[in-house]
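**Q** One structure, pasted below without further comment.
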Amino acid sequence: MQMMTRNVLLEADLEEDDDEDGDIVLENFEQMIIPNFGSLENQQDFQTPEFEEFNGKSDSLFFNDGQRRIDFVLVYEDESKKETNKKGTNEKQKRKRQAYENNLICQGLQLEATRSVLDDKLVFVKVHAPWEVLCTYAEVMHIKLPLKPNDLKTRSSAFGTLNWFTKVLQVDESIIKPEQEFFTAPFEKNRMNDFYILDRDSFFNPATRSRIVYFILSRVKYQVMNNVAKFGINRLVNSGIYKAAFPLHDCTFGCQSEDPSCPNERYLLYREWAHPRSIYKKQPLDLIRKYYGEKIGIYFAWLGYYTQMLLLAAVVGVACFLYGYFNQENCTWSKEVCNPDIGGQIIMCPQCDKLCPFWQLNITCESSKKLCIFDSFGTLVFAVFMGVWVTLFLEFWKRRQAELEYEWDTVELQQEEQPRPEYEAQCTHVVINEITQEEERIPFTTCGKCIRVTLCASAVFFWILLIIASVIGIIVYRLSVFIVFSAKLPSSTNGTDPIQKYLTPQMATSVTASIISFIIIMILNTVYERVAIMITDFELPRTQTDYENSLTMKMFLFQFVNYYSSCFYIAFFKGKFVGYPGEPVYWLGKYRNEECDPGGCLLELTTQLIIIMGGKAIWNNIQEVLLPWIMNLIGRYQRVSGSENTTPRWEQDYHLQPMGKLGLFYEYLEMIIQFGFVTLFVASFPLAPLLALVNNILEIRVDAWKLTTQYRRMVPEKAQDIGAWQPIMQGIAFLAVVTNAMIIAFTSDMIPRLVYYWSFSIPPYGDHTYYTMEGYINNTLSVFNVMDFKDKSKDNPYTGLGNYTTCRYRDFRNPPGHPQEYKHNIYYWHVIAAKLAFIIVMEHVIYSVKFFISYAIPDVSKSTKSKIKREKYLTQKLLHESHIKDMTKHMGVIAERMGEVADNSLRPKLE
């Protein structure tokens, strides 16, 4: 293979700006190329693609000759037809583009240019990779290709075993045929005869061809500036030299192609996957993987499996919700709150200074009824169930993922992955590899790496502090606006006004604060996305997997604090440190800490979850569906074209929306945030899995519709698993046990009710002769003497608000006149002991079950392990036998020649 060639580069000497002028030079550099494709003899002559007129075949995926397949399309605006030319920018861009296209031709790619049918300013450069180029780079990229058909895999169909019940859910195999399975091995040109090559045109499928061409496009240089090479199609697109670069869809999604050789995979995916009528069917994962690549395929496989597992969680959650709903009439403590003779006679202390009035307990009647639904025994059962469910989901997903690795041939994917071109460009430091003891290049020294990591960590930490500051701002808002609502909203209820029943100061404060919190979350989220990408680019990970994993951890750490901080505040901090009316606790010495509703903060946490989960789902659907659809709609109306013009396939795809390099990353992030809501706070909202299930059923089809109809085809990428999202889910699952145990113990009133029922309703602490919940409300509200309010000004702030001598407040303290008045009573210490004991027991029980399940369920099933080992053995045997056969053949030829030579030398002597 020829390792040295002369490619046209542009030399720029001074500035870093991509628009800086430069001279055309011949630059010698080591770069692997295809032999016998030549190089430039004259440094001023560019090899440029030939211009061809559109042949009128709108469904064609080939050059005008009908033989060479289009593997990639580059789009640029003709520099000579641009309206503006600031400082000769157009000429500079043209020279860079011509140098780049020349170097693509030097790499062996074939180019053909065609002007746009709709806009003559646009030029489409079609790229074709010949057989020699594909073979060379398949070896460079260690792409695994078929050796022989595989007879080991015993799946009866591509979509699972059919029976009378599941047949309706399956994709019809007469429409989408199962893929043939092969033994595979990394491709080697010198062993080409060992591979299963029936037809050169079909040996490399379209997805593999696009991967290879994109690999070349990403690494071809076009300019040298200050001894630093500039290269790659991504940089050219970002600088505006090219407007787009993408592989082609194989047909329109609405109808089949007129070309009989077209597989119509996009049409099949739309019909059997993305169309609303297929919402109940299983996903055609093999076809998704074949058309979009393993990376897209593994995402939809994970999302589909997660959705299936949510079905069980949703059924149990609905059962627990219904249990609470139908038993709310038996909720004794809620009846006491609503009873005019009990709750109506209990006067509660003001919850803020000066402006807040005394109020009757029964104005919280409706909220106490709703609280009975969620704060029931079913909540405890569901929290324990979800701790086990999340472990089952993660363990069974690992097994399913291992099966997909085998079926999709990604078991040894790490050997295929190449360094990112951005990483390779910065490799200027030479070090000795500890393993091979050979020289290799790295982008920075150990000290430089430490500096980069420190700067990146500091930036992430700064943004997390910014989120915490916003949460504190929301808390201050709650404290401030609660005073206003308490002064404006009625302090008693007459039972006739329906709005008055629900619009309490606590509810009004909670809803408005939740909406503001959601708006702040979305704003910070939008800004931080760009910051995280900048930080990760600066960190310079080696491979694309390393890049995505690094970005994933940064984004999720930020999103975790961003989305969950308000929920953690309501669940574990609000109402926990308020003091008592005589000595309230103040924030910043000014704002009095807000208290929970007399029924607790659980209902407010439920409200927060509903608003954030619902708002996030609506916002994401607007972003994912409505915006691309509107953009494509506007684009169609803006085109200067008549309806009589026939538009080629590449131009139709150009007017679709670009998916973006991190498009799939945001899909994962959206689902993992939802996974956190479903698991971390599920004790407060048993219907969360049901909402997630409905959302995910729609999400799968919406994402499918978006990919097949609204977006250009993405460059197919390999992926072995879901990457860093797996350990993130495991971390969430581990934390969920703690959060749900603490929600039940500290946020709900389940433990105080149980303590009262079993200990304080009967002697020696209670007056009842049997276990009962009667008297619970009176027992859990402490008494305060109005005369003991501290006079923070010259006048008592509560004079004139009513002729009350005592009021009640939510706490377990001794009454006035007691030797230890306003100190915590014996009930308080019983409750604290019970809460701590509950947390310890619940955590240990669930963790024990989780660890047992993790141990009992292996990550890779025994059958899958056997298949992998068997396939590896047969593949090695096949290659070895082929090698022995070749050696035997060559040795036979050599022996025959030696025999002929011996005969020729002996014959004269015998004569």
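The values are calculated or read from the model by the stated rules, or taken from the named source; none is laboratory data. Worth saying up front: this structure is predicted, and the values here are computed from it rather than measured. Positions of Cβ are backbone-derived with ideal geometry, glycine not excepted, and every protein chain shown enters the neighbour counts. We work out accessible area using only protein heavy atoms, side chains counted, and drop any ligands, DNA or RNA first. Shrake-Rupley method; radii C 1.70, N 1.55, O 1.52, S 1.80 Å.
**Q** Ignoring ligands and nucleic acids, what accessible area does Leu118 show with a 1.4 Å probe (Å², nearest 10)?
**A** Probe radius 1.4 Å; accessible area of Leu118 about 20 Å².
**Q** What net charge is computed for the residues neighbouring His275, neighbours being all others with C-beta under 11 Å from the C-beta of His275, Lys and Arg scored +1, Asp and Glu -1?
**A** My count for the surroundings of His275 gives +3.
**Q** Additional query: Accessible area of Met613, 1.4 Å probe, to the nearest 10 Å²?
**A** 30
**Q** Mind checking the per residue accessible area of region 677-792 for me, 1.4 Å probe, whole number of Å²?
**A** With all protein chains present, region 677-792 gives 35 Å² per residue.
**Q** Length gain on complete extension for the stretch Arg277 to Thr543, per 0.36 nm per residue less the alpha carbon to alpha carbon distance?
**A** Additional length available on full extension: 91.8 nm.
**Q** Could you give the radius of gyration (one decimal) and Dmax (whole number) of the Cα atoms in region 668-786, in Å?
**A** When restricted to the Cα atoms of region 668-786, Rg and Dmax are 24.0, 75 Å.
**Q** Could you please state, rounded to a whole Å, how far the C-alpha centre of region 330-361 is from the C-alpha centre of region 171-218?
**A** Region 330-361 and region 171-218 have Cα centres separated by 73 Å.
**Q** In what order, largest first, do Glu112, Glu53 sit by accessible area if the probe radius is 1.4 Å?
**A** Final ranking, largest accessible area leading: Glu53, Glu112.
**Q** What is the gain in length, in nm to one decimal, between Val388 and Glu188 on full extension, counting 0.36 nm per residue of separation less the C-alpha to C-alpha distance?
**A** Numbers: separation 200, 0.36 × 200 = 72.00 nm, distance 4.79 nm.
Gain on stretching Val388 to Glu188: 67.2 nm.
**Q** What order, most packed first, do the peptides 509-519, 386-396 have when packing is the mean number of other Cβ atoms within 10 Å of each residue?
**A** On the way: 509-519: 18.9, 386-396: 20.6.
Descending packing order for the listed peptides: 386-396, 509-519.
**Q** Could you list the square roots of 5 times each eigenvalue of the Cα gyration tensor of region 292-440, that is, the equivalent ellipsoid semi-axes, sorted largest first and rounded to whole Å? Don't skip to the end; give the middle numbers.
**A** On the way: eigenvalues 699, 131, 30 Å².
Working from the Cα gyration tensor, I get semi-axes of 59, 26, 12 Å.
**Q** Would you mind counting up the charge near Ile618? Only other residues with Cβ under 14 Å from its Cβ, with Lys and Arg at +1 and Asp and Glu at -1. Walk me through the intermediate numbers first.
**A** Details: positive: Lys616; negative: Glu624, Glu670, Glu699.
With Lys, Arg at +1 and Asp, Glu at -1, the net is -2.
**Q** Here is a further query. Lys and Arg at +1, Asp and Glu at -1: add these up for the other residues within a Cβ distance under 15 Å of Ser566 and post the number.
**A** +1
**Q** In region 566-632, what chymotrypsin sites (Phe, Trp or Tyr not before Pro) fall in a loop by DSSP, with at most 15 other Cβ atoms inside 10 Å?
**A** Phe573, Phe577
**Q** Next up: Calculate the translational D of region 193-294 in whole µm² s⁻¹ from Stokes-Einstein, where the hydrodynamic radius comes from the Kirkwood formula applied to all Cα pairs, the temperature is 10 °C and the viscosity 1.306 mPa s.
**A** 95
**Q** Determine the alpha carbon to alpha carbon distance for each of Lys144/Lys872; Lys144/Lys398; Lys398/Lys865 and list only those over 18 Å.
**A** From the list (Lys144/Lys872; Lys144/Lys398; Lys398/Lys865), the Cα-Cα distance tops 18 Å for Lys144/Lys398.
**Q** Could you give the Stokes-Einstein D for region 720-772 in µm² per second, using the C-alpha Kirkwood radius, 10 °C, 1.306 mPa s?
**A** Once the numbers are plugged in, D ends up at 113 µm²/s.
**Q** Can you count the Lys pairs in region 220-375 whose Cα atoms are under 21 Å apart, with each pair 8 or more apart or on different chains? Mind dumping the intermediate values first?
**A** Details: Lys221/Lys230; Lys221/Lys243; Lys230/Lys243; Lys281/Lys290; Lys282/Lys290; Lys282/Lys295; Lys335/Lys369; Lys335/Lys370.
Close lysine pairs under the 21 Å cut-off: 8.
**Q** Relative to the present Cα-Cα distance, how much length would full extension add between Val315 and His655 at 0.36 nm per residue of separation? Each step should come with its number before you reach the end.
**A** Numbers: separation 340, 0.36 × 340 = 122.40 nm, distance 4.37 nm.
Length difference between fully extended and current span is 118.0 nm.
**Q** Additional query: In what sequence, largest accessible area first, do Ile346, Ile523 appear using a 1.4 Å probe?
**A** Sorted descending by solvent-accessible area, the residues read Ile523, Ile346.
**Q** Hey, any idea what % of region 694-829's accessible area is carbon plus sulfur with a 1.4 Å probe?
**A** On the way: 3540 of 6280 Å².
With neighbouring chains kept in place, the figure for region 694-829 is 56 percent.
**Q** Then there's this: Using only the alpha carbons, work out the radius of gyration and Dmax of region 265-376 in angstrom.
**A** 25.9, 72
**Q** Between Leu466 and Asn55, with labels modelled 7 Å along Cα→Cβ, what's the label distance in nm to one decimal, could you check?
**A** 5.4
**Q** What nm value, rounded to one decimal, do you get for the distance between Ser174 and Glu821 when each label is placed 7 Å out toward the C-beta?
**A** 8.9
**Q** Separate question: Using only protein heavy atoms and a 1.4 Å probe, report how much of Tyr563 is accessible, in Å² to the nearest 10.
**A** Roughly 10 Å² of Tyr563 is accessible to a 1.4 Å probe.
**Q** Taking 7 Å along the Cα-to-C-beta vector as the label spot, tell me the Ile630-Gln426 distance in nanometres, rounded to one decimal.
**A** My value for the distance between the label points is 3.7 nm.
**Q** Let me ask something else. Accessible area per residue, 1.4 Å probe, Å², for region 328-393: what's the number? If you can, show how the numbers build up before the last one.
**A** Values: 2300 Å² over 66 residues.
Spelled out: the 1.4 Å probe surface of region 328-393, per residue, equals 35 Å².
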